[in-house]
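Quick notes on the structure that follows.
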Amino acid sequence: MPDLDIVKNLLDVKKRIKKVSISCRRNPDDVRLVAVSKKISPEKIKTALDAGVGILGENYIQEAQKKIAGFGNRDVSWHFIGHLQSNKAKLAVDLFDMIHSVDSFHLAESLNREARKNNKNMDILVQANVSGEHSKHGLDPNKILQLLKEISSLSNLSVQGLMTMPPLSDNPENSRPFFALLRKLRDELASSELKYICLKELSMGMSSDFEVAIEEGSTLVRVGTSIFGPRN
């Protein structure tokens, strides 16, 4: 029996994405929904897939490995959105279609090496720590240009854009300055005309602030709780 709350929630989130996109004169098709399925049961994930989810986001490699094996026959793209250690590069390349959280050349090299072994072109995003919080992963924005220059020499990685996480807040408007900073950073880096680097994607915005993120240019919103409900 499908969880009708998930179906209803998903429809509501999609409506909200469309509404805010239109209100800021953006094409709703330019904003993709990443349904964050960490710590969500396979039964609930199946309901979301049946209801039209096309991208699932996972934070933990071992948890994702079991889920991906179980849904191997489904037409779904898997994105890794959590902190990734270099020693998990092989599994990450094997399992995922995009990695949102690359924040060092060492990690990029490891991913490139495994992608080359798989004869795979691995889509990645570079994670920026625009808030400057020590508790947040991601690279200092001032160091991203240099990282992109280094990554441009890695033939099996394809940089698609940037990702960030703002400080936690109950007020979505508090996230706006950080989203705006990431968009400004992307625009500045894009003007550098780096070879083999594409910066079309901005991964920003979660359940609490994805509408503000869309207004500031997000192309990938990572929404979990608003679809699946609170996690245990």
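The values are calculated or read from the model by the stated rules, or taken from the named source; none is laboratory data. No experiment lies behind these values; they were computed from the predicted model shown. Don't worry about glycine lacking a Cβ; one is built from the backbone with ideal geometry, like all the others, and counts go over all protein chains shown.
List of remarks:
- When the residues of segment 71-107 are filtered to those that are without any contact (Cβ under 8 Å) to a residue 24 or more places away in the chain and more than 19 Å from LYS136 (Cβ to Cβ), the one that is nearest to the chain's Cα centre (by Cα) is TRP78.
- In segment 218-230, the condition of being charged (D, E, K, R), touching a residue at least 12 places away in the same chain (Cβ under 8 Å) and surrounded by fewer than 19 Cβ atoms within 10 Å (Cβ to Cβ) is met by no residue.
- Unmet requirement for ILE68, which otherwise passes all of (1) over 16 Å from PHE228 (Cβ atoms); (2) among the hydrophobic types (A, V, I, L, M, F, W, C); (3) crowded, with 20+ Cβ neighbours inside 10 Å; (4) more than 16 Å from the chain's Cα centre (by Cα): (3)
- Set side by side, the residues ASN119, ASN129, ASN142 differ, and just one is of a type in the set (S, T, N, Q) and buried (at least 18 other Cβ atoms within 10 Å of the Cβ), which is ASN129.
- Options SER101, SER135, SER152; residue that is modelled with pLDDT under 95 and within 19 Å of ILE197 (Cα to Cα): SER152
- Residue in segment 117-134 that is over 27 Å from GLU211 (Cα atoms) and in a helix (DSSP H, G or I) present: yes
- Among residues of segment 187-207 that are crowded, with 21+ Cβ neighbours inside 10 Å, none has a Cβ under 6 angstrom from a residue that is in a helix (DSSP H, G or I) and among the β-branched types (Val, Ile, Thr) at a sequence gap of 6+ or on a separate chain.
- Taking every residue in segment 115-129 that is within 15 Å of LYS143 (Cα to Cα) and pairing it with any residue that is of a type in the set (S, T, N, Q) and surrounded by 24 or more Cβ atoms within 10 Å (Cβ to Cβ), at least 6 positions away or on another chain, the pairs with Cβ-Cβ distances below 9 Å are LEU125/SER203; GLN127/THR164; GLN127/SER203; ALA128/THR164; ASN129/THR164.
- Among the numbered conditions (1) within 26 Å of ARG116 (Cα to Cα); (2) in a helix (DSSP H, G or I), the only one that PHE178 does not meet is (1).
Residue-by-condition table, conditions (1) β-branched (Val, Ile, Thr); (2) without any contact (Cβ under 8 Å) to a residue 12 or more places away in the chain; (3) out of contact with any His (no Cβ under 7 Å at 6 or more places or on another chain):
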residue: LEU4; (1), (2), (3): no, yes, yes
residue: ASN9; (1), (2), (3): no, no, yes
residue: ARG25; (1), (2), (3): no, yes, yes
residue: PRO28; (1), (2), (3): no, yes, yes
residue: ILE40; (1), (2), (3): yes, no, yes
residue: GLY52; (1), (2), (3): no, no, yes
residue: TYR60; (1), (2), (3): no, no, yes
